[in-house]
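Notes follow the structure.
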Ligand code: BGC
């Protein structure tokens, strides 16, 4: 039997230049949900002529089959590869990625990706444009919703779990799909949080913060990577040869496919890097971008560029080889229909998939405040369920759920009704609109011309509030569900104002006046500024968008059938003037001391306290319904030396409460002195625990010199990880403000202090 390499060599030897270029052409015929403003035409004829290699956004297995039939009629019968955006589930929608990251639950994250792969492949999908692994520290950027958050270690573990879930250990399996890490690189650092804007940063920051999840995803075997729309230090990623060829392929050893983003090749003209489609296409090929998504400039110009001697044909051959290799890994040469065996997807979602989605929707919720133990709710309490998102199906899936159906989603009201059964009863009131500005509402309804995600109630604000107050007065407890609509975050959804809308803020203040216990549930795709409302409410739950099972998951959590498990994957700012914000930013030479002082860092117009610099709720923070206590932190040794040494850091974690507790034990490391200014601490390891009432567990982390290492780089392409000898402080605790820890002296090459 011929090996895969033989098959590919043989094909390449028989392909014309035009056919090779055809394999680099990636198109979309457009579906119900467009993800860009241009779609391709003449798709069927081009497929038959061997002028298209891959297609995304085909919505039915029958259409996939019909297109594959055409591809097999082309001269060399090279099968098409089909792709789709499967960002947080395919038909069963899981919490938005920032919510999945909030679970810190790697096996659950992997399980959701596995289910997504099973569902997507049943529809003929060979490749998924996921996971998004853009680290993001600026909640103005709407794609924080798709991001695993601000921390490179959490994002790296997320990337690996998603890749494992999608691909399994054999990509040729009919239920395995090729992952595509996106968007390479530093897309999440868009200046001022404006989507598509560029990022400028030091090589160290790039390698320490933004590249690790890509590297981790590559090491986990991801088959493809998508270039970002952004520039990085002035060079658009679609023309960034240094990042793609030298760092990604050269240093990280990535041997898979690099896909452009939607018309990203042509946008080199917008970036003023190319004057024509032909120039743009040449720059992208030279940079190592294999597939041209939607723009068709490769198709239309590359042959002429080669013939004019402006482009080396071997670059096209190399890109085409990578496409053919991807198809071979996916088993498409053996059976082009291998992912279509399941036939049409079931009309109903499998209950096993719903069960995982329900668990995920609950686990993603972060309990931020619970004064007086107002949560969990008692089933006999009468609840006023208030807010425009309570009886809503359209928004529950959140952004980028292109194959999900809102009709599958469970509303919060339905979740509550099922939870209380014959209990205390529920009285509902809308209370306010998601937004009151009709222009903004229209922008937010971009994908929902039939079924609006944002509607403006014709009644006045006073009438809506009066109805909500009446509901609150007739109830024992108020649950107000507020925040964003699904497209209020996501692509091209940057926000300048990160607060709840004025109508929502007023509703919270007025509900508080009733004197009823007030539970605030936030549905959002980013870290909003909820400073006043969090102070007002008795309990606060940050629930993101929970996906198909939002209503069940949230009710499970609020009624105590599920324990609070989520931890913030991003800092919640105290004020939007603080963003970008992340824990552990390097200290200044005039560090903040806990109160504002002239000639020290800080904000004149923010109150004193840790919030001034660190935000309202720190990264890693989340409460439980139980009472978890940390014992003293110990190290088996505090004097260490050399690369091979290791210390075991331990702590007893005890559940003193009478309910089970989920806890995420986090280990941070910082160095009081280092050769260049570094973050004051950074997460290096974590462990998620479930503790029975009264249970105590000793959690131990073995740390090695590798955990001390950071990037040392003069230039982006020339980076190594290294550590220095000296003093280190290891913090162990329940969030990024953990104060308990141990001091270590770790010598290197006999040197004690880095400055010596
Ligand atoms: C997004 C990508 C997505 C692509 C295809 C682009 O607008 O940036 O994340 O994969 O569209 O839908």
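Derivation of every value follows stated rules applied to the coordinates shown; laboratory data play no part. Source: prediction; values computed, not measured. Cβ coordinates were reconstructed from backbone atoms using ideal geometry, including for glycine residues, and neighbour counts include every protein chain displayed.
Quick notes
- Peptides 705-715, 280-290, 732-742 ranked from most to least packed give 280-290, 732-742, 705-715, packing being the mean of other C-beta atoms within 10 angstrom over each peptide's residues.
- FRET efficiency, 1/(1 + (r/R0)^6) with R0 56 Å, evaluated for residue 634 and residue 461 via beta carbons: 0.50
- Measuring nothing but how far apart in sequence close Cα pairs (under 8 Å, 6+ apart) lie, relative to its length, the stretch 1-96 scores a relative contact order of 24 percent.
- Relative contact order %, the chain, counting alpha carbon pairs below 8 Å whose residues are six or more apart: 13 percent
- Projecting label points 7 angstrom from Cα along Cα→Cβ for residue 502 and residue 44 puts them 5.4 nm apart.
- Centre separation in Å (Cα based) which lies between the stretch 270-321 and the stretch 39-116: 24 Å
- Spin-label model distance (nm) - residue 62 vs residue 5, 7 Å beyond Cα toward Cβ: 4.4 nm
- Peptides 14-26, 488-500 ranked from most to least packed, by the mean per-residue count of other Cβ atoms within 10 Å: 14-26, 488-500.
- Relative contact order of the stretch 483-597, defined on C-alpha pairs under 8 angstrom at six or more residues apart (%): 23 percent
- Helix content alone sets the calculated 222 nm mean residue ellipticity of the chain: runs of n ≥ 4 DSSP H residues at -39500 (n - 2.57) each, divided across all residues, give -8000 deg cm²/dmol.
- Listed peptides 157-167, 553-563, 326-336 by packing density, highest first (mean Cβ within 10 Å): 157-167, 553-563, 326-336
- FRET efficiency, residue 747 to residue 595 (Cβ-Cβ, R0 35 Å, nearest 0.05): 0.40
- DSSP-defined antiparallel bridges as percent of all bridges, the chain, nearest 5: 55 percent
- Taking a ≥ b ≥ c as the square roots of the eigenvalues of the Cα gyration tensor, an a/c ratio of 1.5 or more together with a/b larger than b/c marks the stretch 283-404 as prolate.
- Ordered by the number of other Cβ atoms lying within 10 Å of each residue's own Cβ, fewest first, 119, 325, 344 fall into the sequence 344, 325, 119.
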